[in-house]
Amino acid sequence: WRTCWLFFICLFIIGVDVTGAWLAISGLLLSFTFVFGGWLQNLFEAVVLIFSIHPFDNGDVLQVNGEWLKVYKTGLNVCGFDDSCGRRVYVPTNVLVSSPLVNLSRSAGVWLACTFMVDLGLTEADRIEVQRAAATLMASDPATYASPDSSPPTVVVSEISRGLKLNVTVGYTLAFSEATPGPKARAHSRMCAVVAAKLIELPGVEFTDTHHQLRPVALANGSPTGGRARVLPVAPMAYAEAQDALATVAAAMA
């Protein structure tokens, strides 16, 4: 500011119209701000993102707004990426400033989950069997799945308010990050197949179409389900009969 005041004092001494000069300089600065203000702001934000925050390097794999992208080029105005199909994608750097970025290359093993819907009647013993099957698969392939001792799989059973159904969610951890989508997809497919096979194998777990009416059926002790009351699809029934059937189901499952 001292230099600025000295500049205007010198102009006044040599007889220059200081007021006119000030108005000219102010107008020039205002025009410059109007034309380049947005670009300068974007440039400043890009400098902070790339050099201060530094969320990625060339070659890193990112997830930007849910899309898999591999960094090809980093720039202050635009960044280049390769998507999962090998296409070259260019994204303005100021867009990345306001977008959630997930650096998959810097992330540890990813946690995944698969969910199946089964009929009401799944027991705690069934849940443990499903968890044991998932842990066995993880232990058999340590290069793909995390150790079940340090990162054991979880099996969560949650109720569904309508339809006499239960959600069985199996959560597990991979031994690698999501930087390579192919191995992740294959590992998830294997886990889903193992869990589905175990659910089908268990004698007490059944699956019915949600559009069918359901009725409790008491099976003999020598049956494959061990004499447990099961809920099976039948022909449509009257409302009063359906209410009686639901009451019987509640009593059988108590």
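The values are calculated or read from the model by the stated rules, or taken from the named source; none is laboratory data. All of these numbers come straight from a predicted model, not from anything done at the bench. When we count neighbours, we look across all protein chains shown, and the Cβ atoms used for this are built from the backbone with ideal geometry, even at glycine.
Which residue, of 99, 150, 105, is part of a loop (DSSP other than H, G, I, E, B), without any contact (Cβ under 8 Å) to a residue 12 or more places away in the chain and within 23 Å of the chain's Cα centre (by Cα)?
Answer to the selection: 150.
Please determine whether any residue of the stretch 71-87 is surrounded by fewer than 13 Cβ atoms within 10 Å (Cβ to Cβ), hydroxyl-bearing (Ser, Thr, Tyr) and either at pLDDT 85 or above or in a strand (DSSP E or B) (or both).
Within the stretch 71-87, none of the residues are surrounded by fewer than 13 Cβ atoms within 10 Å (Cβ to Cβ), hydroxyl-bearing (Ser, Thr, Tyr) and either at pLDDT 85 or above or in a strand (DSSP E or B) (or both).
Going by what's in this entry, would residue 49 be described as part of a loop (DSSP other than H, G, I, E, B), over 18 Å from the mean Cα position of the chain (by Cα), over 27 Å from residue 184 (Cα atoms) and of a type outside the set (Asp, Glu)?
Spelling it out, it is not the case that residue 49 is part of a loop (DSSP other than H, G, I, E, B), over 18 Å from the mean Cα position of the chain (by Cα), over 27 Å from residue 184 (Cα atoms) and of a type outside the set (Asp, Glu).
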